[in-house]
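The values are calculated or read from the model by the stated rules, or taken from the named source; none is laboratory data. It should be emphasised that the depicted structure is a prediction, and the values quoted were computed from it without experimental measurement. Neighbour counts are summed over all protein chains in view; Cβ atoms, including those assigned to glycine, are modelled from backbone coordinates with ideal geometry. When the accessible area is computed, the model is the full protein with side chains, heavy atoms only, and any ligands, DNA or RNA have been set aside. Shrake-Rupley method; radii C 1.70, N 1.55, O 1.52, S 1.80 Å.
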Amino acid sequence: MITQTSISYYGLNYVEHAEADFKEMKAHGVTQVILAVTEFDFDFWRPNIPKIVDKAHELGLRVLIDPWGNGKYFGGEQVSKFLQDNVENRQVSALTGERLPYACFNTNSYRDYFRNFCVTLAREAKPDGFFWDEPHYAFPKGIASITGGVADDWTCYCPVCRKRFEDYYGYPMPKYMTNDVKQFRWREALVVLSDTSKALKEIDPKLEITCCVHATQNGYYVSEYRGYDNWDMVGACPYFDVFSTTIINWALPEDFFRDITDRTVAIAKKYGKQSERWFMGYYKQPKDWAQVAKWVDIAKDAGVDRIAAWTYRGGYGTVVGAPDALKLWDTIGESYRRVLNK
Ligand SMILES: [Zn+2]
């Protein structure tokens, strides 16, 4: 049974404006706001963030904070203050040795920065939880990935990762992605999220953690290898409460959506978590509007616990707005109200 219907929101400036938007979300059947807090918001709009969370609570909405695009390690279009302020601690290409515009989340520098960001917001804003939004290494993406091209190069080959690899395995880190490298990347990728999730639960055990990973095939032939493609390892993390998978385009085959949905539910059940599936509420819209209700029903019938869409008002007014953004938002709202019997 679907118990939560989420929408992401990045209008994080004025409380009275957020209030009007939250009321509109309520009218669209939303139960939970995924509050996309950028590094700039954290640095500049801090006084208003707790007030905005309070206002959402007052109106009966749950709030999960999304460290949107933080370090460009998480998904999202925002720019990263960490990268602006740090020349070191970036992910490094294994093949060319170039430093890339992605924070290396295996460095103590970024791990501290990220933990402080989350712990501070947990204490000051008192949300219901946090949302780990498409964490990833810069490369690679599999050739059959929905998000990218051929995977030759990979990260991270920075001095910190290389030293940690050699300390653990007793030989220098290869430039070829061997099984040891894959295992190392999976294990290290979970450290930053596990440590921060644990720290958050120590502040308040009721804080709920959703880990949302790329909706990849993870098949025998193709895998994205972006650090969180081993769903069993992600699902087994004791500090995560909800196992979630990201958006796929409405134009992709229904069978692919079903496959991702079924595997998401299976992993969540296997590890005693709730399951969540995301819908494309920005950028593209289905050719036939009835597809929204149909795919929501597929998720419901598959046993998904929570559904979510990116983003408020279909991305209206942004470069990633759907062609008929407000119509997409209304259509998603109709399905939200329907599954909640509202
Ligand atoms: Zn690194």
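Worth pointing out:
- The residue pairs whose first member lies in segment 161-179 and is modelled with pLDDT of 95 or more, whose second member is away from the ligand (no atom under 15 Å from the Cβ), and whose beta carbons are closer than 6 Å, counting only pairs six or more residues apart or on different chains, are 169/180.
Condition check ((1) buried (at least 19 other Cβ atoms within 10 Å of the Cβ); (2) of a type in the set (D, E, K, R)) across all residues:
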position: 67; (1), (2): yes, no
position: 79; (1), (2): no, no
position: 86; (1), (2): no, no
position: 90; (1), (2): yes, yes
position: 93; (1), (2): no, no
position: 98; (1), (2): no, yes
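- Within segment 89-115, tally of residues that are near the ligand (Cβ under 10 Å from one of its atoms) and among the acidic types (Asp, Glu): 0
- Sole exception among (1) open to solvent by 60 Å² or more (accessible area, probe 1.4 Å); (2) closer than 23 Å to residue 277 by Cβ; (3) more than 19 Å from the chain's Cα centre (by Cα) for residue 2, by number: (1)
- Taken over segment 242-258, the residue count meeting the criterion of being over 19 Å from residue 314 (Cβ atoms), touching a residue at least 40 places away in the same chain (Cβ under 8 Å) and surrounded by fewer than 16 Cβ atoms within 10 Å (Cβ to Cβ) is 2.
- Members of segment 56-75 that are in contact with a Ser or Thr (Cβ under 9 Å, 6 or more places away or on another chain), at negative phi and assigned to a loop (DSSP other than H, G, I, E, B): 61, 67, 68, 73, 75
Condition check ((1) closer than 15 Å to residue 132 by Cα; (2) not aliphatic (A, V, I, L, M)) across all residues:
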site	(1), (2)
29	no, yes
34	yes, no
47	no, yes
55	no, yes
70	yes, yes
89	no, yes
92	no, no
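- Within the option set 30, 53, being crowded, with 20+ Cβ neighbours inside 10 Å, in a loop (DSSP other than H, G, I, E, B) and in contact with a helix residue (DSSP H, G or I) (Cβ under 7 Å, 6 or more places away or on another chain) holds for one residue only, 30.
- Flag if residue 19 is in a loop (DSSP other than H, G, I, E, B), surrounded by fewer than 19 Cβ atoms within 10 Å (Cβ to Cβ) and more than 16 Å from the ligand (Cβ to nearest atom): no
- Of residues in segment 83-108 being hydrophobic (A, V, I, L, M, F, W, C) and outside any loop (DSSP other than H, G, I, E, B), the one farthest from residue 226 (Cα to Cα): 83
- Number of residues in segment 261-297 that are closer than 14 Å to residue 338 by Cβ, open to solvent by 10 Å² or more (accessible area, probe 1.4 Å) and aliphatic (A, V, I, L, M): the value is 2.
- Cβ-Cβ under 7 Å pairs, at least 6 apart or on other chains, segment 93-105 side farther than 15 Å from residue 154 by Cβ, far side within 13 Å of the ligand (Cβ to nearest atom) and open to solvent by 90 Å² or more (accessible area, probe 1.4 Å): none
- Options 154, 231: the member that is buried (at least 18 other Cβ atoms within 10 Å of the Cβ), modelled with pLDDT under 95 and of a type in the set (Phe, Trp, Tyr): 154
- Among (1) in contact (Cβ under 8 Å) with a residue 60 or more places away in the chain; (2) closer than 18 Å to residue 132 by Cβ; (3) open to solvent by 30 Å² or more (accessible area, probe 1.4 Å), the one test that residue 214 misses: (3)
- A single entry from 72, 55, 126 fulfils the requirement of being over 17 Å from residue 200 (Cα atoms), more than 16 Å from the ligand (Cβ to nearest atom), out of contact with any Gly (no Cβ under 6 Å at 6 or more places or on another chain) and not acidic (Asp, Glu): 55.
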